[in-house]
Amino acid sequence: EETPPESPIHLEADEAVAHSRTEAEAHGNVVIQRDTTEVRSEWAQYNSETDHLKAGDAVTMTREGDVLTGNSLDYYINANRGTLENPDYHVAQGVARADAVKLLFDGPDRYKMRTARFTTCPVGRDDWYLHASTLSLDYANNVGMAYNGWIQFYGVPILYSPWMNFPLSGNRQTGFLAPSVSFDNRNGIDLQTPFYWNIAPNYDATFYPRYLADRGTMLGAEFRYLQPSYSGQIRADRISDHKDEQDRYSIAFLHQQQLLPRLSMYAQVQKVSDDDYFNDFGDQVAAASQTNLPRELTFNYAGNGWSGLARWQRYQTLQSESDPVDIPYARLPQLYYASSPQWIKGANISITSEYVDFSHPTKVDGQRMWINPTITYPLVQRPYAFVKPKIGVHASYYSLNDSETVEGENSSRVLPTFSLDSGLIFERDDTFNGQAYTQTLEPRAYYVYIPYKDQSNLPNFDSALTDFSLAQIFSENRFSGNDRINDANQITLALTTRFFDGDTGEERFNATVGQRFYFQDQRVTLDAYEKPSTAQESDLLITFGGRLWRNFVANYALQYNLKEQVTARADAGIGWSPGEGRAFNLRYVVNRNVSPIIEQFDISGQWPLTRNWYGVARYNYSLKDSRSLEALAGLEYNAGCWALRLAAQRYINDDSDTDPDQEKYTVTYFAMLELGGLVGLGSNPVSTLRQSIPGYTDMLTTNSIR
Amino acid sequence: CGFHLRGMGPGVGLFPYPSVFVAGDGPVAAQLRNELQQISTVHLLPAASSDAALIAVDSESSERKILSLNGNGKVSEYRIYYTVSYRVNKPGNAALIPSSSMRLFRDYTYDENNELGKEAEAQMLINDLRQDAARQILRRVSAQAKKNTAVTEDAPAKAPASMGPRLDAY
Amino acid sequence: ETADREKPMNIEADRATYDQKQSLGTYTGNVIVTQGTMTLKSAYLTVRQDPEGNQFATGNGNPVDFKQRMDAGEWVMAKSQRFDYDGKAGILKLMDKAWVRRDTGDEVIGDVIIYNLNTETYEAQGGTSGGKPGRVNITIQPKKKEAQ
């Protein structure tokens, strides 16, 4: 492109001589300036015809904040080309520095240094250096490139690579990412050297060669695409595992697309070769949560006032010997419609309906249709009171397929539903040690009437007993899904108090006590063999929670069985995060509603130990199994221009190939050395720490080079 | 002990402004429209207008995190976080509530043997979170407006405090 | 131009005296010298002519003002408190707050500037007036490259 108009050169010196019209020579504290480039030297020669500057003996050049010193400069100013002998280079804001035998100016904002040394440590600290036969810093494309470079850490060479690149600022460049090394008892040494390929602004890919000492080499690749109307990613990993002597692979595909302004599509496929795949190769989160791998295609349509969904979904279920998993029904397809027509001003009308074709390898399957129109009309809607009756009808029709034993039958169920929600709101303004607040007192009564209908002959495709919670005691049906609709003649009474910040009006804290009273037995059960409940009252529910003061949060929930004087569920937790890098969490939970019963306490935190050392830890102990479910400890050191993270994590896993009596633990060690903005070596535990320690902040973010 | 029926003391009703526009196409915005539409004294506008209040739900997102594991290393409890960032303008586009966000959560036990049922329960909790978020936003609007009117109201002579429930205005 | 020296020199001044024996003219008060494209203004001027007809002039002013067109066509302006002009060698020596400027924008400022009118080269020193080392300041305009 046409070069910008050149600007004049200003030269200042003790004395100057012009040999010709175009050649000037200056001596004595010479200062030469053009735009943002300034050169200081003892002597200088400048030819204005060729724009060629020579300067010598001790040269200092500053350019957009960069400072380069050397002992002889040969430079074409406007073309930004030339050389500087044994340069010493300091990046703007002194974030990085380098020295070399020779520096070549290679166009605007690009330097190439021969036999160079580079670091982001300040002058006087030689903690680490990246040595390279050629080091190129290209700020135009913000990539640094080191050819046959090796890293020296406190004098010890720790990495050699024929070719290494690193980002000079923000976005990533094609090249090797930080290699990660970890060690665990499943695979021994686990070395990953990901390679990032920035194909185009909206396509990129990452390759994951991964060497596992006990199992061999795994090859993985992930391709991502991002377009205005669609985006997605596909990832595949494969290994011929010589410990289990079989080929093992995993595939994960995700795609979302806006087909029309109102029609969007979402597709997802996850598949692994065997049940233990995540136990052997995944991290703790993957191993714990990936049991039912979804495969689905979903279309969403957003009309005005209504929305529709069409979904084809099935799961790959990873079985475990210790306790076999019940495979979820496949829904091929599921069609769902929801609308809230505004037929009556002030009334809230909702019409939802669904058709699903369920299929299952073993259990009874077939088609189910239901429609559930409801209308809520607020009789009273005042700031101090509300009375809101809601009436509806839930009509469903089943057409079951034949199974070997029983011939498929059709059945239907039509149930009227009625509920009346009412409450008062009392309020007072007050101050507590100088802080103004508003407190409310909200008594609430919620009556539900649904007649009984025998549903024991109906299959259970997607219903489950929801947890006893505030959300449940103020809803009509305590079963989720649509296969079980509880008969009800019950009233829920509750008293809630809330505290609002006087200035901002934000809800700071609330507490509720509530209980449900049954006027008749609850005869509908999830499975036919369960006995109907004859309880006349539910457990007592007490919850409170919120921000007690500025950075201290507490939550408590208690589900107490008054008749048997037994705690069914108790969950108490506090979170204290007084500042950056400071967090402390404590939680105790006992839940006898589920089997196996949960009773565990969990303590986790991050705390600065000394000026630059941070400690992180988590200990999650299961009192019922009387052993720890997760123990994690880590140290993080921020040395300013480099950072070190060490972490060890031991978590329970359900790995079938460890022999049954032995404790099934996975122990992983992380070691991560981050050389300020340059490259990180070792596996990065940050994502694990963020999952395990609420309030964890990464205190070691090293800034980019320029 | 100082409690009085809400809205009886100096202050405003369920929603302090006669007309409002809710900006945002997420479910919390829809829930806000739904709630406002049920208040007879409020006119819900189909489009923004400078002499109406504006509630803008800038972003909302839900995130599921593992809360605890069971003895087999499988998930036993999930915690769903719902984060909403919103801002509110008084009629005339003056800011009533600057851009702020709230983060609510609900916990539920997970059972891999009942994937579909638990997915439905999670959806129920997300709907509950959305209603809670909408309620808190509306609550904050009336609290903030009440604080502002209380400030401006002191200047002129105080209106006669009504004793019983007034049937007209609210 | 170099041809100026063949041109007649015209000097105006408030007072003028002429010493026949040394063929030395001395002029004081609003001295204006014109010779071809060269004009020079100063407060005091002495002009001497050698037998071959080369002129040598010295003078001072507050400031002395000099202007001449070069063979290549650009104009050169100069100012200083004192000056020596050697017609034979074509050297103009400007002393004390000397300043030379070409109409192309190139500029030289210094304590002493020795300007060669034939080769258009110069020497500039910061000098040590007042004990402090003075500085030379040069501005070089980028050369308009012929269409590349």
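The values are calculated or read from the model by the stated rules, or taken from the named source; none is laboratory data. What you see is a predicted model; the values in this text were computed from it and never measured. Neighbour counts run over all protein chains shown; Cβ positions are idealised from the backbone, glycine included. Keep in mind that these areas ignore ligands, DNA and RNA; they rest on the heavy atoms of the full protein, side chains included. Shrake-Rupley method; radii C 1.70, N 1.55, O 1.52, S 1.80 Å.
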Quick shape check on chain C: root eigenvalues a ≥ b ≥ c of the Cα gyration tensor, a/c under 1.5 is rounded, otherwise prolate if a/b tops b/c, else oblate, and it reads oblate
The distance between the Cα centres of region A:400-419 and region A:178-245, in whole Å, is 48 Å
Residues of region A:459-473 that bury at least 20 Å² of accessible area, probe 1.4 Å, when all protein chains are present rather than the chain alone, are A:Asp462, A:Ala464, A:Thr466, A:Asp467, A:Ala471
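Run through region A:307-385 and list the trypsin sites (Lys or Arg not before Pro) located in a DSSP loop whose Cβ has at most 11 other Cβ atoms within 10 Å.
Passing sites in region A:307-385 are A:Lys345.
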In Å, the C-alpha Rg and Dmax of the protein assembly as shown are 42.2, 148
Everything considered on the Cα gyration tensor (a ≥ b ≥ c; rounded for a/c under 1.5, else prolate if a/b is larger than b/c, else oblate), region C:31-106 must be described as oblate
In the protein assembly as shown the cysteines whose Cβ sits 4.7 Å or more from every other Cys Cβ are B:Cys1
Interface C-A: total buried accessible area (1.4 Å probe, Å², nearest 100) of 2000 Å²
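Give me the inter-chain shielding for A:19-28: mean count of other chain Cβ atoms within 10 Å, whole number please.
Mean inter-chain Cβ contacts per residue within 10 Å come to 4.
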Averaged over the residues of A:43-49, the number of partner chain Cβ atoms within 10 Å of each residue's own Cβ comes to 2
Per the C-alpha gyration tensor (a ≥ b ≥ c, the square roots of its eigenvalues), region A:71-116 is rounded if a/c is under 1.5, else prolate if a/b beats b/c, else oblate; here it's oblate
Within region A:479-547, DSSP-loop GluC sites (Glu not before Pro) with at most 15 other C-beta atoms within 10 Å are A:Glu530
Note to self: with every protein chain in place and a 1.4 Å probe, the protein assembly as shown gives an accessible area per residue in Å² of 46 Å²
Scalar couplings 3J(HN,Hα) for region C:91-102 by Karplus 6.51 cos²θ - 1.76 cosθ + 1.60 (θ = phi - 60°), nearest whole Hz, x for Gly and Pro, are 10, 10, 9, 10, 10, 6, 6, 8, 8, 10, 9, 9
For chain C, averaging the sequence separation of alpha carbon pairs under 8 Å that lie six or more residues apart and dividing by its residue count, the contact order in percent is 13 percent
The percentage of the accessible area of chain A (probe 1.4 Å, all protein chains present) made up of carbon and sulfur atoms, to the nearest whole number, is 57 percent
Filtering trypsin sites (Lys or Arg not before Pro) in region A:385-477 by DSSP loop and by at most 15 other Cβ atoms within 10 Å leaves A:Lys453
Ignoring ligands and nucleic acids, chains B and A bury, in total, an accessible area (1.4 Å probe) to the nearest 100 Å² of about 5700 Å²
Percent relative contact order for chain A, counting Cα pairs under 8 Å at least six residues apart, stands at 6 percent
Note to self, chain A gives a 222 nm [θ] from helices alone (DSSP H runs n ≥ 4, -39500 (n - 2.57) apiece, / all residues, nearest 500) of -500 deg cm²/dmol
